[in-house]
Structures are given as structure tokens and as C-alpha cells.
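Contents: one structure, followed by commentary.
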Amino acid sequence: MEEQEERKRLLEAEQVDPTGLMSEQDAYLSKVRNRKLYLATFVSVLGPMSFGFVLGYSSPAIPELSRSSDPRLRLDEVQASWFGSIVTLGAAAGGLLGGWMVEKAGRKLTLMFCSLPFVFGFTVVIAAQNIWMLYVGRALTGLASGVTSLVVPLYISEMAHERVRGTLGSCVQLMVVLGIMGVYLAGLFMDWRWLAICSSVPPTLLMVCMCFMPETPQFLLSHGKRREAEEALRFLRGPQAPVEWECARIEDACNEQGSTFQASDLKDAGVYKPLGIGVLLMVFQQMTGINAIMFYAEDIFERAHFKESDLASVIVGLIQVVFTGVAALVMDKAGRKVLLVVSGVAMAISTAGLGVYFHLTSGPSPAGAPHADLAWLALASVSVFITGFALGWGPIPWLVMSEIFPLKVRGFASAVCVLTNWGMAFVVTKSFQEMMTLLTSAGTFWLFSSMCVLNLVFTVTLVPETKGRTLEQIEASFRGTSGP
């Protein structure tokens, strides 16, 4: 009976294009059903939502802790800075840990594991009796965030097919900004302990629900588990798709490049080219100043004499959610490169505008409210910046990172990129106040603007377009072959 079913599936694979009007790939995809793929994606992006809660938590918690009636938990300015930025150090370590784990334990188990430091970290914050417990809790949630930022893009890119990979991959950043927005709103009604309790709910759901999701076919095939890989593909593609065809394509790519990463592989153009592009994407993403602007949004608006600075921050968060959603919808139509260019132009103009604002308002003010007539320029510039970032440089570096690396170096290369991203995030956020003092506010934002111009040059000259291409085709393009 099993042999008859196997022959039937193979016959379907051979006759997947009965009209002769579609390519073999298009004919196969016409039989794919995405319902369970969407389900697996939704479960996995509970990780980035947890990550967003971690990033946003410091904004409502720091003001409350700075006024705490308990002197053991009261944060001064330096301690508040560490409370916000220690997450990035934990995340950098998490990137290294995640790069090792995805290769040894697999994508699914790594994703389940990262729930533990999320929950433990928030538990330590909830139970905190002194400032060091707050630091430890934040570092643990940062560690989990680093693992999450590596494994979830990989998990989604290896599950998804080329028609929806861009949209589903963009959901990672969408859930991050939804998490940030959610914690901003919850912070209006909850104290910092209850906020930490709520923040531990998404990672708990992630651990439970991931038990019912499959491992990725690429990981299974790279470990010689063809039967399990076919079962995973059948779960993700639906019962009508002849998954043997896709399974064979992935298996050929695995066999061609081997399964074990060695240091000598870094001499291969198919490895060092995408690794260089991935690292530069992460450097340029942070050099736009995004984390500095998000972490210090209220401070920026206060410097700009905007009366409702907390309301302005909520507006900025809402803009980021809306336009990250727009990016997800158009990603597989417009393409990665076009959106990166549009994003870079918008950010270059808006950060230049912020620099102009601070330059014009840095001198002595006339009588009355200082420069209140130009407060709109600060809000408009930040809003345009966030819109531009959400459309391109927010989601796309993580998406492209998950697409361009060969399977055997995917864990190592992704770890290098995550370490670069979070290391740069720490440098930018920790040095932001010093830059504002040394370069002045105007000079700092003009520096960010010049980085956005460099982003444009880098995008146009080096970043490949990955829209509509399989992971195997993308890998082959770096090796200079046609691919499967």
C-alpha cells in the first residue's frame, strides 16, 4: 500500500506541469497550500514579539524606577543608561550562542530554548530586590533576544517558499515593533512589575506551541533525515503538493556544498561575498541611528520643545507598526533592493532635517516659548525617518541575512551578523549622548544622514535582489553557477 502511494506521488511530481504553460517550479507552487505554513510562521514570530517587549520595556520602566520609593531599586542617570543598554550586550552573546545551537540542536529546539531566558529574565526583574537583579534580568532577556533575532529569520526562510518568503520574513520586524508598541501602551496602565509579568506571556506561548511545529526541511536533509524532511514539507505545503520534487532540489544543494563548515570555506566566494554583505547590512542598519532615536525619542522631543513628548513617542511607535506592515505586504512585489533605496533616501532627508532643526534652534531664542514654531519640523523629521526605516532598513537586513548564506555556514555567518548588529547597537546607543555633546545635536544627526547616503551607495552597488528566487538559486548566484 505504501509503495502504491509513493508511486502515485512520484507520478504527480513527473506530471506536475500537464499544460506545458508553466515552469516546473510554478506548477509545483500552484499545488501548494500555505495555511499551515502561516500557522508555523505565526507561532515562531511570538519570539520577535517577546524581543519587542524587551526592547520597549525600558521606556516606561525607567521613569518609574527612577522615582521608586524603594532606595534599593531607585535608578540614577548612569544606572538607567545601563538598564536600557545592557540588553544589547546580552543580545550580542545570544547571537553567538544561537549560531552554535542552530547547527547542533536545530532551528526548532533553539527557538523553544530561547523562551527560557525570556521567562527567567522577566521573573528575576519581577522578584528584584536590588539594582543588580534588574541588570541580571535584563541581560537574560537580552540573551534570549539575541538568539531569537538569529533563529527566527532562519526558521522562516527555510520553511517558506519563494513566493511568500519576503512577506513572511518581514513579519519578524513587524512583530518586534508590535511588541514595542504593546509595551508602550501597557506601560500607561501598569507598573513595572505587572508589565514584566505581561511580557513573559508571549515566550511562554512560544515554547508550548512550538512543540507542534516541524523542524525545517533544510536542517533535516543536512543531517540525512529525508523521511522526516518530506513529512515536514508535507505539513508546510499541504497534501496536494508533490513534495518529493522540492525535497530532491534541497537535497541536491546540500550534497553539492557538503554539510560541515570549515575555516577554509571562508576562502570560497560563495561564502565570503554573502558574509561581507550581511555584516555591512547590519553595520549600516545601526549607523542610521535607529536605536538612538527610538531609545531617546522622548528626550529628542523634549530637546525640540515638543510639549507632549510621551504622546509623540507613541505616535512614532504607531507609524513604525503601520509601515512595517506595509513593507511586509509589498516585499514580494516591489523587491528588497527598491525598498532599501526608498528607505535610505527617506532616512537621509529626515536626519538631515533634524540636523537643520537643531542647528536653527541651538542659538539664543527670542522672547516667548523658545523656537516653538519649529517643533513641527522635529516631529515630521522623526516620523519620516521611522516610516523610511520601517519600509526597508528595518525588516530587510534580517530577511536578506536569512536568504543569502549557504546552508553549511548559515549558523556561523548568521551569528557573526547578529553579533555585529548588537555590538553596533550598543556602541551607538551608549555613545549617543556623548556624540550629542561632542558634535552638537545638529552634527550628530548630520552624521547619521551621511551614513544613510553611504547606505544608498552600498545598496545600489553590492546588495543582490533575492525576490522570487529559491535559497538554492541565491546560493548558486554567489558561486557563479546557474543553480537548481
Residue, modelled with the highest pLDDT, within the range 1-49, restricted to residues that are touching a Phe, Trp or Tyr at 6+ places or on another chain (Cβ under 7 Å) and under 30 Å from Cys209 (Cα atoms): Ser44
The lone exception for Ala128 - which of (1) modelled with pLDDT of 90 or more; (2) small (Gly, Ala, Ser); (3) assigned to a helix (DSSP H, G or I); (4) surrounded by fewer than 24 Cβ atoms within 10 Å (Cβ to Cβ) it fails: (3)
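Conditions (1) in a helix (DSSP H, G or I); (2) under 30 Å from Ser68 (Cβ atoms), marked per residue:
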position	(1), (2)
Trp194	yes, yes
Pro202	yes, yes
Met207	yes, no
Glu230	yes, no
Ala241	no, no
Asp252	yes, no
Asn255	yes, no
Any hit, the range 167-183, residues being more than 16 Å from the chain's Cα centre (by Cα) and either of a type in the set (Val, Ile, Thr) or in a helix (DSSP H, G or I) (or both): yes
Helices (runs of 4 or more DSSP H) within the range 365-484 that include 1 or more residues surrounded by fewer than 20 Cβ atoms within 10 Å (Cβ to Cβ) and either at pLDDT 90 or above or of a type in the set (A, V, I, L, M, F, W, C) (or both): 375-388, 410-438, 440-462
Long-range neighbours under 8 Å by Cβ, at least six apart or interchain, first residue within 16 Å of Val382 (Cα to Cα) within the range 433-453, second in a helix (DSSP H, G or I) and among the polar types (S, T, N, Q): Phe445/Thr351; Trp446/Thr351; Phe448/Thr351; Ser449/Thr351; Cys452/Thr351
Candidates Pro217, Pro153, Pro203 - the one that is closer than 19 Å to Ala415 by Cα and buried (at least 24 other Cβ atoms within 10 Å of the Cβ): Pro153
Single unsatisfied condition, Gln79 versus (1) at pLDDT below 90; (2) within 17 Å of the chain's Cα centre (by Cα): (2)
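The values are calculated or read from the model by the stated rules, or taken from the named source; none is laboratory data. Since the model is a prediction, treat every value here as computed from it, not as a measurement. No Cβ is skipped: glycine too gets one built from the backbone with ideal geometry, and neighbour counts run over all protein chains shown.
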